[in-house]
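What follows is a short report on a single structure.
The values are calculated or read from the model by the stated rules, or taken from the named source; none is laboratory data. All values derive from a computational prediction rather than experimental measurement. Here the Cβ positions follow ideal geometry from the backbone for every residue, glycine too, while neighbour counts run over all protein chains shown.
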């Protein structure tokens, strides 16, 4: 079946969020939401989440799922806020536990920080199937960027998170802890088995050189033939060399420090300290 897909693009973080709707039942899922965060002041806002809430209400939709493709390092998730306002279960890949263990150590989290994925309602594994209204969705484990990355195949659409970008931009970095160019290459080949007409919705766009507008939708066929990093049957060893060279030139994402601490908690802030206030840590020379 073909879902209705509505995008919400946050230019501050270059993030595409999606509401995926079953047109027959009006049930929907929200994928990769954004919590607005001003790093300089440490203040949060719900502007981006509010746009999704207004859309859901105005179209009389029922939210079944609030899904994460992975633990994002470039924006904070608004999943708990959306769940509070709209309902639905929060889901992510079961390998979140590896990410929690890795960054629990980086941020020196105490034993009160659970590293078992219990901050989420559903931990998905490869091959899991779930429903959005009358549309069947399935789960592909597509690691490489992080160990926990998932692709959600919903009807004739695949929501790949950061695994693939638009064809003229390529693929995602793999230099974070737990990342792997070899794993990313294998994940892309798994995606390329999907039918060529499958719509691919990417999680970010940065306007590749020569393109004036942001974009977030291609097809598997277009990715296979045109993707500048993995298209035209590029060999694995060539891709790994290209990816390693590219990653060595990249700066850390602007919001990586707050994003990881919040997103590994399912979009929740760390617990308040004894003065009643919430604090985020900045590990020095650790990332």
Seminar exercise, completed: Inside the stretch 256-270, the number of residues satisfying the requirement of being outside any helix (DSSP H, G or I) and more than 16 Å from residue 145 (Cβ to Cβ) is 6
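Yes or no, residue by residue, for (1) more than 20 Å from residue 257 (Cα to Cα); (2) without any contact (Cβ under 8 Å) to a residue 24 or more places away in the chain:
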| residue | (1), (2) |
| --- | --- |
| 72 | no, no |
| 76 | no, no |
| 81 | yes, no |
| 88 | yes, no |
| 99 | no, no |
| 105 | no, yes |
| 113 | no, no |
| 116 | yes, yes |
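Just one of 221, 231, 210, 276 is more than 27 Å from residue 116 (Cβ to Cβ) and either part of a helix (DSSP H, G or I) or touching a strand residue (DSSP E or B) at 6+ places or on another chain (Cβ under 6 Å) (or both); which is it?
Details: 231 fails: either part of a helix (DSSP H, G or I) or touching a strand residue (DSSP E or B) at 6+ places or on another chain (Cβ under 6 Å) (or both); 210 fails: either part of a helix (DSSP H, G or I) or touching a strand residue (DSSP E or B) at 6+ places or on another chain (Cβ under 6 Å) (or both); 276 fails: either part of a helix (DSSP H, G or I) or touching a strand residue (DSSP E or B) at 6+ places or on another chain (Cβ under 6 Å) (or both).
Result: 221 is the single residue among 221, 231, 210, 276 that is more than 27 Å from residue 116 (Cβ to Cβ) and either part of a helix (DSSP H, G or I) or touching a strand residue (DSSP E or B) at 6+ places or on another chain (Cβ under 6 Å) (or both).
May I ask you to list the residues in the stretch 169-191 that are modelled with pLDDT of 95 or more, part of a loop (DSSP other than H, G, I, E, B), more than 15 Å from the chain's Cα centre (by Cα) and surrounded by 18 or more Cβ atoms within 10 Å (Cβ to Cβ)?
Filtering the stretch 169-191 down to residues modelled with pLDDT of 95 or more leaves 169-175, 179-191.
Among the residues that remain, those that are also part of a loop (DSSP other than H, G, I, E, B) are: 169-170, 172-175, 179-180.
Subset that is more than 15 Å from the chain's Cα centre (by Cα): 169-170, 175, 180.
Within the stretch 169-191, 169, 170, 180 qualify.
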Exercise. What is the residue count in the stretch 17-69 for residues that are in contact with a strand residue (DSSP E or B) (Cβ under 7 Å, 6 or more places away or on another chain) and closer than 21 Å to residue 136 by Cα?
Worked result: 24
Exercise. Can you name every residue in the stretch 128-154 that is under 21 Å from residue 71 (Cβ atoms) and part of a loop (DSSP other than H, G, I, E, B)?
Worked result: 128, 142, 143, 144, 145, 146, 147, 148, 149
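If you check 218, 251, 222, which single one turns out to be surrounded by 14 or more Cβ atoms within 10 Å (Cβ to Cβ), under 20 Å from the mean Cα position of the chain (by Cα) and either in contact (Cβ under 8 Å) with a residue 24 or more places away in the chain or within 27 Å of residue 77 (Cα to Cα) (or both)?
218
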For this session: List the number of the failed condition for residue 155; all other conditions in (1) at pLDDT below 95; (2) closer than 25 Å to residue 23 by Cα hold.
Result: (1)
Seminar exercise, completed: Counting only residues that are farther than 30 Å from residue 57 by Cα, surrounded by 21 or more Cβ atoms within 10 Å (Cβ to Cβ) and out of contact with any strand residue (DSSP E or B) (no Cβ under 7 Å at 6 or more places or on another chain), the stretch 70-125 contains a total of 4
